[in-house]
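The values are calculated or read from the model by the stated rules, or taken from the named source; none is laboratory data. This one's a predicted model, so the numbers in the text were calculated from it and none came from an experiment. Here the Cβ is made from the backbone with ideal geometry for all residues, glycine too, and neighbour counts use every protein chain on show. When the accessible area is computed, the model is the full protein with side chains, heavy atoms only, and any ligands, DNA or RNA have been set aside. Shrake-Rupley method; radii C 1.70, N 1.55, O 1.52, S 1.80 Å.
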Amino acid sequence: MECIAPDEITEEELLAYGDGEADEIAVEHIDQCPYCAERALALATDQLALRILFHRVECPDAHTLGEFHLGLLTADEGAATKHHLESCPHCTTEVKDLDRFLQEVPIALVVPPVQGQVKRLVARLAPSPPDPATQQP
């Protein structure tokens, strides 16, 4: 099988057709040409497979989204994550789910008591007591 009008349509136009973004001339040609219709379908199938394979490859991980939600990222990281959220419904949903979870779960289960945090901080900062075995009488 061959194209009814060779060199009339480009690969980019076939890809655009599969995405529903082709201009009227390309749509008319593909609708009339079985060869180009088959090529457009094959390209659309390949595009779908790639989208599935690379789904969310550029998304921040769950840890980063959690730190963003809690305001723990640097200014640059926060800005980049915010920019990503503006165009990614998947990550936006994940942040909304996290927010809903944090509102439903008692805060004591999420954040350790402050008293325990202070004790750990003091223990790390305080000098170690002298070892009695190494002291001379």
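Side notes on the structure shown:
- Hits in the stretch 19-36 (condition: open to solvent by 40 Å² or more (accessible area, probe 1.4 Å) and not in a loop (DSSP other than H, G, I, E, B)): Glu24, Ile25, Val27, Glu28, Asp31, Gln32, Pro34, Tyr35
- All positions within the stretch 58-82 that are open to solvent by 100 Å² or more (accessible area, probe 1.4 Å) and within 29 Å of Tyr17 (Cα to Cα): Glu58
- Filter pass, Ala126 being open to solvent by less than 70 Å² (accessible area, probe 1.4 Å), modelled with pLDDT under 70 and out of contact with any Asp or Glu (no Cβ under 9 Å at 6 or more places or on another chain): yes
- Filtering the stretch 38-81 to residues that are over 25 Å from Phe101 (Cα atoms), part of a helix (DSSP H, G or I) and of a type in the set (Phe, Trp, Tyr) leaves nothing.
- Of the residues making up the stretch 82-94, those that are closer than 22 Å to Arg51 by Cβ and part of a helix (DSSP H, G or I) number 9.
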